[in-house]
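Peer 1: Here it is, the structure, as structure tokens.
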Amino acid sequence: MKGHPGQINPLNFLLKSRAKLSRKRFLCHGCQQILLGIILIVTLLGIQAQAAPGGSKPPRWLTEMAETPLPELAPETEGIYLLHEQKLTYSSSGNLVRYGRQAIKILRSEGIERLKFLVRANTFNTRVRKMNAWVINPDGSKQDYNLKSAISTSLAPDTLYWDVKTLFLVMSEVTRGSLIGYEWEEEVKPLSLEDLFIFQLRFPVLQAIYQAEYPSGCQPRLDWINWPESSVTIGPKSFSVKLSDVPAIKDEPLKPPDEAIAGRLLVRFKTKNAPRFGYFFSDWKDMGLWYEQLSRERRQPDESVRVKASELVSGLTDHRARIEKLAAFVQQEIRYVSIQIGIGGYQPHRASEILANRYGDCKDKATLLAALLSSLNIDSYYFIVNIEPQVVKENSPVSLFWFNHVILGIKLPDDKLYESSEAVVSIPGLGRLLIFDPTMPHSPPGRLPFYLQKNNGLLVAGEHSRLIHFPGSSPDSLELNRRGQFVLSADGTLKGDVTETLAGFQAEVVRLRLRDVHEQERRKDMEDFLARSVGSFTLENYQYLNLNEPDREVVLQYSFRAASYLSKTGDVFSFRPNILAMVDDYEILKQKDDRKYPVLLSMVGTSQDEFEIKLPAGYAVEVLPGPVELSNGFADYYSRLELDGGTLRLKRLFKIKQDYLPPDRFHEILEMFRLLSGEERRRLLLKKVNNPD
């Protein structure tokens, strides 16, 4: 939330557009852009599915939908799901057959690109048996598509090889007013006996239907997520749920990710006899025991791993130094590349293979580090997490669908090691564990990456397996400290020399964004920030220090000149003393109606400005305002101006104490941001002094 040249909202940067190809794989955050990347390629190449030869009439269920009266909708509504249906058949053979059907009405042209394609995937345990699509246009023209029309690709960024074939039906000739119908069917040999029905989407849903059929001796368990418990119609060996008028996910600034707020139904099946496929996880310990069994043999060190561990820590006797040496090796020297074949989306490769190849995905990197540590008799445990905030809650029902990333908990030998670290949790029966992500190259041991702070993760530790809540940074941690020397001249020019010191979250995000980019991108980032702060300017020089040293603070030094910073009316100048923006985006102030979702900020922590502004000779501040101070449950703000001869000194501090607030506390956010917005715009008057002496 803080404004500095490298500032971004990491919730938008790292966690944005996280379309998932398969919810049943532990995907590293580098993998999760796969479907998004493929869709982008398909879009850029202008690839469209070919209509089925000869054509077939739209099914009756779809043509009947054409006469469905629409409810009153907001004028900006781009489309509506007239029907969103999912049916699951659990056969006695152990297979699941999932069937889906949708009818979508395009209301605005902006909705076409988001609604004109159907995507399914053949994976190691899923086979797509049917894909059909139909378009009925307002002029009466019709098109139909089937599985033979689908575009099949195994393209995947950051993935060396995988056995997934993504199938696309991307339709042409869709226009405003078109009615689109989709049907698909797929056969699944499940790893876990569960199904997920996401019935709340980015568009309103007029009717949502879920049906399940199952053999005798099978007991379904239903969990409603982000939605009140609704009525269920029970039949012989079946049940069904019907929902009407499901509202679209409201687009609110600083809301949690869709996955954390969308209404969903989780269905789990408990069988009387051992099923041919799949597991029923009765609790988190069950799941932890399953994953420990799946991965135990893969993390055992062989001779090559033991030799490498010994080589890396040669000459080091300090426990912390040895841990950090091994951690740095896996973070920096093991390239992130994914190979996912069969159950490999869950199961890591062998530690010896990862070491020999020098690449792997998140679970591979965690596995290699675990093996290296084991070579030195240091225990460690997997944590399975979701890097999107607020998705896995402390009361979340047990499900494999929640997770997309694997990290490690390193057992510490005593209470003194990392005693003040935010990345340490104490587990009864295990002791103190250092939470560490071998995939994140910008967070050294002892620093908890921002996407893990106050998150929840499944600890995989045998009988001690459980869902664990992670700690977070202190609001008092100084994340951004800016010192600036500025000179105002009577010709209206502002000259500035600024040094920013970034720690913790702020340093981490700057490294994520700028460490590996071209110098031109760094300069543009710097220029964009100054343009927002001072308008027209000339960037004279800048440099980033310590970008490649994650255990040190990032230091940014820059100088600029703004030719028309002072506004002049007669003999009076006016200017803004808060020269550099402390908050980068005031989008939150655009919301005028009641808040529906919680407010999710990017961090807790403190930012501080200390500026000295030399005033133009012969001018003095007409009125020096008093201090500004506001404190509420969400944040603290303090600002003070002092005049020392011809120098104006500004000191201000902004402390975010809570980064997640429920909707009924939205007024606290507005109160603070309105004050900050006013502070950013506040101007002082400079009057010419007749007798400077």
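Peer 1: I'm trying to understand the selection: among the residues of the stretch 540-551, which are without any contact (Cβ under 8 Å) to a residue 40 or more places away in the chain and surrounded by fewer than 16 Cβ atoms within 10 Å (Cβ to Cβ)?
Peer 2: 540, 541, 543, 545, 548, 549
Peer 1: Strands (runs of 3 or more DSSP E) wholly in the stretch 94-185 with at least 2 residues that are more than 31 Å from the chain's Cα centre (by Cα) and either β-branched (Val, Ile, Thr) or modelled with pLDDT under 90 (or both) - which ones?
Peer 2: Correct list: 126-136.
Peer 1: Could you pull out the residue among 612, 679, 629 that is within 24 Å of residue 481 (Cβ to Cβ), in contact with a Ser or Thr (Cβ under 9 Å, 6 or more places away or on another chain) and in a helix (DSSP H, G or I)?
Peer 2: Every option except 679 fails the conditions.
Peer 1: Among what's in the stretch 409-430 and is under 29 Å from the mean Cα position of the chain (by Cα) and under 17 Å from residue 461 (Cα atoms), pick the residue that is surrounded by the most Cβ atoms within 10 Å (Cβ to Cβ).
Peer 2: 409
Peer 1: In addition: Residue check: is residue 352 assigned by TED's automatic domain parsing to the domain that holds residue 423, part of a loop (DSSP other than H, G, I, E, B) and free of Cβ contacts under 8 Å to residues at least 60 places away in the same chain?
Peer 2: Against the criterion (assigned by TED's automatic domain parsing to the domain that holds residue 423, part of a loop (DSSP other than H, G, I, E, B) and free of Cβ contacts under 8 Å to residues at least 60 places away in the same chain), residue 352 does not qualify.
Peer 1: Then there is this: Just one of (1) among the small types (Gly, Ala, Ser); (2) surrounded by fewer than 16 Cβ atoms within 10 Å (Cβ to Cβ); (3) touching a strand residue (DSSP E or B) at 6+ places or on another chain (Cβ under 9 Å); (4) on the phi > 0 side of the Ramachandran plot trips up residue 490, so point out which.
Peer 2: So residue 490 meets the others, but not (4).
Peer 1: Restricting the search to the stretch 459-505, which residues are touching a Ser or Thr at 6+ places or on another chain (Cβ under 7 Å) and in a strand (DSSP E or B)?
Peer 2: Scanning the stretch 459-505 gives 459, 478, 479, 480, 481, 483, 496, 497.
Peer 1: Out of the residues in the stretch 226-254 that are under 23 Å from residue 451 (Cα atoms) and modelled with pLDDT of 95 or more, which is surrounded by the most Cβ atoms within 10 Å (Cβ to Cβ)?
Peer 2: My answer is 249.
Peer 1: Say whether the condition of being assigned to a strand (DSSP E or B) and touching an Asp or Glu at 6+ places or on another chain (Cβ under 9 Å) is met by at least one residue in the stretch 580-592.
Peer 2: Checked the stretch 580-592: at least one residue is assigned to a strand (DSSP E or B) and touching an Asp or Glu at 6+ places or on another chain (Cβ under 9 Å).
Peer 1: For the stretch 199-210, give me each residue that is part of a strand (DSSP E or B) and either of a type in the set (Gly, Ala, Ser) or out of contact with any His (no Cβ under 9 Å at 6 or more places or on another chain) (or both).
Peer 2: 208, 210
The values are calculated or read from the model by the stated rules, or taken from the named source; none is laboratory data. As the structure is a prediction and not an experimental result, all values here were calculated from the model. So basically every Cβ, Gly included, is an ideal-geometry build from the backbone, and we count neighbours across all protein chains shown.
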